[in-house]
Structures are given as structure tokens and as C-alpha cells.
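The values are calculated or read from the model by the stated rules, or taken from the named source; none is laboratory data. On a predicted model such as this, the values are computed, not experimentally measured, just so you know. Heads up, the Cβs are rebuilt from the backbone with ideal geometry, glycines too, and the neighbour counts pull from every protein chain shown.
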Amino acid sequence: MQVYFFHLMPYGDLDIAESDKHNSAWVTIPNTCFDPSKGMKLYDRYIGELELADQLGFDGVCVNEHHQTAYGLMPAPNLIAAALARSTKQAKICILGRALPLVSNPVMIAEEFAMLDHMSGGRIITGFVRGIGSEYFSNSVNPTFSHERFYEAHELILKAWTDPGPFSYQGKHYQFDYVNLWPRPVQTPHPPV
């Protein structure tokens, strides 16, 4: 059995009355409820907790993606993963996950994960998700195409990691004349998904 430490990085200083007043801690709660000085301390604390999990011998640490919410202060999990790639030694770094239907360029996600694979010495585990309703609303993405965009982006990322480039990709939602991943991932055929 393996044990992984998962972190949401919530804004723990949120005044619950404010959340109740706005009927949500997602999308509609004013960002004036966020105190940047408290935010800096929370990021330092939360990254430190993930680093401690590595030091304590957890098999992996997990980060995820959420947008415009006090629920999780991690709109870019790859940034946290990059910090952890340098400050952890043995734990796998699981990005669970990137919301593929919300991105306009899956090739950039493939490149970022390949970079992280190098920076971590091949310790990246990738996770791809569709995201949740409020994230479609806040990112102005039509949820009708969620499944299509997810599967097409997923296919393109795997192809970018494994197929020799350059090659063209012409899908329904994503079109690229040149897909030519630099760097390619360390793990072969690609990081675990």
C-alpha cells in the first residue's frame, strides 16, 4: 500500500459570514475578502506541509486545480509542483489534476508536465480532470463540450509525449500545424496518468 498526502490549500481565514452572505465561497464571493498578507503566510505554510509529508516518508504529495474560490488557492497546480520538484527528495508529485476542457492549448500542458518530469527527476504523476460547473462559468467555457474537449486534449497530450515530432494535429477543438515537444518527458513512454 502507498500513502499520499493531498492538499486543497483553502483560504482558512475566510469569514464564514461573508461566504454565507454571498451564498458561496466560489466565483461570486468578492476577492476583497482575500488578505494578501495572510495569503503569503498560507502559501508558505501549505508548501511547507507538502514538504514535510515528503520528509515523513509519504509516497507522494498531491496538488489540484481550482479557480476563483476560497476553497482552494491553487489555480495553477504546476506552479506548486515546480516548487515541490526542487524542495522534495523522494515523494512522487501528483497533479490531480489539470482541468483540460478549460485550457485553450493542451500542447502547453504537455510541455509543462514534461518540464516538471525533468525538474523532479521523473517523479511526476499526471492527473487530468474535467473541472466543475462553477469553473466553466467563471472561465466562460461552454460545458456542453466538456467531454469532447477533455478527451481530445487528453489524446493530444499523450500523442505529444510519445509521437516523434513535428506533426500536425487537426481536431474539432484544437488545431496545430506543428506539435514538436521540447523537452520530451523523462519517464517512458510518458508520466503515469
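Just a yes or no: is a residue in the range 34-56 assigned to a loop (DSSP other than H, G, I, E, B) and under 21 Å from residue 192 (Cβ atoms)? It would help to see each step written out before you state the result.
Let us first name the residues in the range 34-56 that are assigned to a loop (DSSP other than H, G, I, E, B), namely 34-35, 56.
With the extra rule that they be under 21 Å from residue 192 (Cβ atoms), the set shrinks to none.
Among the residues of the range 34-56, not one is assigned to a loop (DSSP other than H, G, I, E, B) and under 21 Å from residue 192 (Cβ atoms), which makes the answer no.
Residues 162, 188, 126: which one is at negative phi, buried (at least 20 other Cβ atoms within 10 Å of the Cβ) and of a type in the set (S, T, N, Q)? Quick ask: steps written out before the conclusion?
Values: 162 fails: buried (at least 20 other Cβ atoms within 10 Å of the Cβ); 188 fails: buried (at least 20 other Cβ atoms within 10 Å of the Cβ).
After ruling out the rest, the residue left standing is 126.
Looking only at the range 77-103, which residues are among the small types (Gly, Ala, Ser) and under 26 Å from residue 189 (Cβ atoms)?
Those that are among the small types (Gly, Ala, Ser) and under 26 Å from residue 189 (Cβ atoms): 81, 82, 85, 91, 97, 99.
Specify which of the listed residues (12, 72, 60, 39) is of a type outside the set (Lys, Arg), over 21 Å from residue 117 (Cα atoms) and in contact (Cβ under 8 Å) with a residue 40 or more places away in the chain. Quick ask: steps written out before the conclusion?
On the way: 12 fails: in contact (Cβ under 8 Å) with a residue 40 or more places away in the chain; 60 fails: over 21 Å from residue 117 (Cα atoms); 39 fails: in contact (Cβ under 8 Å) with a residue 40 or more places away in the chain.
Matching residue, one of 12, 72, 60, 39: 72.
Taking the range 14-33 on its own, how many of its residues are within 13 Å of residue 71 (Cβ to Cβ) and exposed (fewer than 10 other Cβ atoms within 10 Å of the Cβ)?
Final tally of qualifying residues: 1.
Quick one: residue 17 ticks every box in (1) of a type outside the set (S, T, N, Q); (2) assigned to a loop (DSSP other than H, G, I, E, B); (3) modelled with pLDDT under 95 except a single one, so which number is it?
(2) is the only condition that residue 17 fails.
Just for strands (runs of 3 or more DSSP E) wholly inside the range 120-193: which have at least 3 residues that are touching a residue at least 24 places away in the same chain (Cβ under 8 Å) and among the aliphatic types (A, V, I, L, M)? Lay out the reasoning, then the answer.
On the way: elements: 124-129, 167-170, 175-179.
In the range 120-193, 124-129 are the strands (runs of 3 or more DSSP E) which contain 3 or more residues that are touching a residue at least 24 places away in the same chain (Cβ under 8 Å) and among the aliphatic types (A, V, I, L, M).
Taking the options 134, 140, name whichever one is more than 15 Å from the chain's Cα centre (by Cα), modelled with pLDDT under 95 and surrounded by 14 or more Cβ atoms within 10 Å (Cβ to Cβ).
Details: 140 fails: surrounded by 14 or more Cβ atoms within 10 Å (Cβ to Cβ).
Checking each option against the conditions leaves just 134.
Can you name the residue in the range 64-113 that is among the charged types (D, E, K, R) and part of a strand (DSSP E or B) and is also surrounded by the most Cβ atoms within 10 Å (Cβ to Cβ) among such residues?
98
Please verify whether residue 59 is of a type in the set (D, E, K, R) and farther than 24 Å from residue 128 by Cα, treating the condition exactly as stated.
On the way: of a type in the set (D, E, K, R): yes; farther than 24 Å from residue 128 by Cα: no.
So residue 59 fails the test.
Within the range 42-52, how many residues are out of contact with any His (no Cβ under 8 Å at 6 or more places or on another chain) and surrounded by 13 or more Cβ atoms within 10 Å (Cβ to Cβ)? Even if it seems obvious, please write down each step before you answer.
At the first step, the residues of the range 42-52 found to be out of contact with any His (no Cβ under 8 Å at 6 or more places or on another chain) are 42-45, 47-48, 51-52.
Checking which are surrounded by 13 or more Cβ atoms within 10 Å (Cβ to Cβ) leaves us with 42-43, 47, 51-52.
Result for the range 42-52: 5.
For the range 39-75, which residues satisfy the criterion of being touching a Phe, Trp or Tyr at 6+ places or on another chain (Cβ under 7 Å) and acidic (Asp, Glu)?
Result: 59, single match.
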